[in-house]
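S.K.: Mind looking over this structure? Questions follow.
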Amino acid sequence: MQKTILVLFGGCSTEYEVSLQSAHAIVSHMDPSRYAPLLVGITKAGRWLRYDGPLSLIESGEWLRHPSCAPCALSLDREERRLLLLDGSKESLPFDAAFPILHGKNGEDGTVQGLLELIGAPIIGCGALSSALCMDKDRAHKLAALTGVRVPQSAVFRRDAAFEQIAAAAEALGYPVFVKPVRAGSSFGITKVEGPEDLPAAVAEAFRHDREILLEETIPGFEVGCAVLGNEALTVGAVDEIELSHGFFNYEEKYTLKTSRIHCPARIPPEKAAEIQEAAQKIYRALDCRVFARVDLFLTPAGEIVFNEVNTIPGFTSHSRYPTMMERAGLSFSALVSRLMELGVEA
């Protein structure tokens, strides 16, 4: 029987536009014989709107001006699992599972997942706990370290910390040092600081995105990623490699690749790729991930694997890293989308 999937897209985060692209790609590749999307767009201001217009307007960002848009909210009755239209019609629409295609804060950090768990809706993706943990760089690193995977040396500070303490930690870690918000996505608020003169601006920028910041040592080498799929039995994609000409893989590079390249599969020996896949699965389990996630790590010149972060809702266009890794492992984009639906509904 055809199942109705509540698809949430947009969101009041700095990654709103990326979510539109991912949602358009996923919904375009849903098997219409098995799944029917119930589309709900969330504006940058946080307004929920039921959308029933062309998919092309989601990709272009014009969806919220379509006359089909109607304010809506989820029923909190666990027995119903319905979307309530707040346009005066008193109409409510049932759904079987929910797919939050929301990147960054207020979507990938466990907030929406908690709401869906409250109403008993199966989630196509990680749950509230794992979403919150993976968004939190400090706590994710602490748990990943328990698996035996090396994590970068770091120091965490709150807003009330004296700048002298932050500066001392930077000196101890050694320049260049990364300054990051503890909770943010797509490299927003992250600065690679080459010397103490640039530290104040980097700290201010990181605090713009979160109440806690992380100072982290620079790991030599390059970044590698591994797509993981599954609940009980896990499937791993081909390992990819980010080749940088300078700087680091910031927001602009992630979505334009102006000066960087992604190699999939990575240009590393097969036995090293297998080690990375094993480490990715350990971290996936340790952080309670389910359905899918992308685990990002560093590979040092000495061949050591170092944990970076987990993306619980990675970019999902046809050219994004996660589906590319899975395609190299033999799973087409359409087949991958169907598998995500199956895994989310079964749990």
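The values are calculated or read from the model by the stated rules, or taken from the named source; none is laboratory data. In this text the structure is predicted, and so the values were computed from the model without any measurement. Using ideal geometry, Cβ is built from the backbone for each residue, glycine included, and neighbour counts are taken over all protein chains shown. The accessibility values were calculated without ligands, DNA or RNA, using every heavy atom of the protein model including side chains. Shrake-Rupley method; radii C 1.70, N 1.55, O 1.52, S 1.80 Å.
S.K.: From (1) out of contact with any Gly (no Cβ under 6 Å at 6 or more places or on another chain); (2) modelled with pLDDT under 95; (3) not basic (K, R), pick out the condition that doesn't hold for Y16.
M.R.: Result: Y16 passes all but (1).
S.K.: If you take the residues of region 16-55 that are of a type outside the set (A, V, I, L, M, F, W, C) and open to solvent by less than 10 Å² (accessible area, probe 1.4 Å), which of them is nearest to D210 (Cα to Cα)? Before you say what the answer is, go through the steps one by one.
M.R.: Start the filter on region 16-55 by keeping residues that are of a type outside the set (A, V, I, L, M, F, W, C), which leaves 16-17, 19, 21-22, 24, 28-29, 31-35, 37, 41, 43-44, 46-47, 50-54.
Applying the additional criterion that residues be open to solvent by less than 10 Å² (accessible area, probe 1.4 Å) yields 19, 22, 41, 51.
Details: S19: 21, S22: 25, G41: 25, Y51: 31 Å.
In this case the residue turns out to be S19.
S.K.: Report the residue count in region 119-150 for those that are β-branched (V, I, T), closer than 20 Å to C289 by Cβ and surrounded by fewer than 19 Cβ atoms within 10 Å (Cβ to Cβ).
M.R.: Of the residues in region 119-150, the ones β-branched (V, I, T) are 119, 123-124, 147, 149.
Going one step further and asking which of them are closer than 20 Å to C289 by Cβ, we end up with 123-124, 147, 149.
Checking the rest, the ones that are also surrounded by fewer than 19 Cβ atoms within 10 Å (Cβ to Cβ) come to 147.
Count: 1.
S.K.: How about region 283-323: which of its residues are open to solvent by 30 Å² or more (accessible area, probe 1.4 Å), modelled with pLDDT of 95 or more and at negative phi?
M.R.: First, pick out the residues of region 283-323 that are open to solvent by 30 Å² or more (accessible area, probe 1.4 Å): 285-286, 288, 290, 298, 301-302, 304, 309, 318-319.
Within this subset, residues satisfying the condition of being modelled with pLDDT of 95 or more are 285-286, 288, 290, 298, 301-302, 304, 309.
Across region 283-323, the qualifying residues are R285, A286, R290, F298, P301, A302, E304, E309.
S.K.: Also, I was wondering about something else. Of the numbered conditions (1) at pLDDT 95 or above; (2) under 18 Å from the mean Cα position of the chain (by Cα), E117 fails exactly one; give the number of that condition.
M.R.: (2)
S.K.: Does region 308-339 hold any residues that are aromatic (F, W, Y) and farther than 29 Å from E216 by Cβ, and which are they?
M.R.: Filtering region 308-339 down to residues aromatic (F, W, Y) leaves 316, 322, 333.
F333 - this is the single residue of region 308-339 that is aromatic (F, W, Y) and farther than 29 Å from E216 by Cβ.
So that you can scan it fast, the table gives a plain yes or no per residue for (1) aliphatic (A, V, I, L, M); (2) closer than 21 Å to A25 by Cβ; (3) touching a His at 6+ places or on another chain (Cβ under 8 Å); (4) modelled with pLDDT under 95:
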residue	(1), (2), (3), (4)
G61	no, yes, no, no
R65	no, no, no, no
L74	yes, no, no, no
K90	no, no, no, yes
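S.K.: Which ones in region 182-201 are more than 11 Å from L215 (Cβ to Cβ), free of Cβ contacts under 8 Å to residues at least 40 places away in the same chain and either in a helix (DSSP H, G or I) or open to solvent by less than 60 Å² (accessible area, probe 1.4 Å) (or both)?
M.R.: In the first step, residues of region 182-201 are kept if they are more than 11 Å from L215 (Cβ to Cβ); the result is 183-190, 192, 194-198, 200-201.
Still in the running and free of Cβ contacts under 8 Å to residues at least 40 places away in the same chain: 189, 194-198, 200-201.
If the condition is that a residue be more than 11 Å from L215 (Cβ to Cβ), free of Cβ contacts under 8 Å to residues at least 40 places away in the same chain and either in a helix (DSSP H, G or I) or open to solvent by less than 60 Å² (accessible area, probe 1.4 Å) (or both), then G189, G195, P196, E197, D198, P200, A201 are the ones that fit.
S.K.: Within region 1-18, track down each residue that is in a strand (DSSP E or B) and farther than 22 Å from R321 by Cα. Quick ask: steps written out before the conclusion?
M.R.: Step one: filter region 1-18 for residues in a strand (DSSP E or B), giving 3-10.
The answer is K3, T4, I5, L6.
S.K.: Among the listed residues E223, E212, identify the single one that is under 13 Å from R159 (Cα atoms) and either open to solvent by less than 40 Å² (accessible area, probe 1.4 Å) or modelled with pLDDT under 95 (or both).
M.R.: On the way: E223 fails: under 13 Å from R159 (Cα atoms).
It is E212.
S.K.: Let me ask something additional. Determine whether region 157-177 contains at least one residue that is in contact (Cβ under 8 Å) with a residue 40 or more places away in the chain, assigned to a loop (DSSP other than H, G, I, E, B) and under 27 Å from P314 (Cβ atoms).
M.R.: The answer is yes, given that some residue of region 157-177 is in contact (Cβ under 8 Å) with a residue 40 or more places away in the chain, assigned to a loop (DSSP other than H, G, I, E, B) and under 27 Å from P314 (Cβ atoms).
S.K.: Another question, if that's okay. Among the residues of region 234-272, count how many are open to solvent by less than 70 Å² (accessible area, probe 1.4 Å), modelled with pLDDT of 95 or more, more than 15 Å from P314 (Cα to Cα) and not β-branched (V, I, T).
M.R.: Qualifying residue count, region 234-272: 8.
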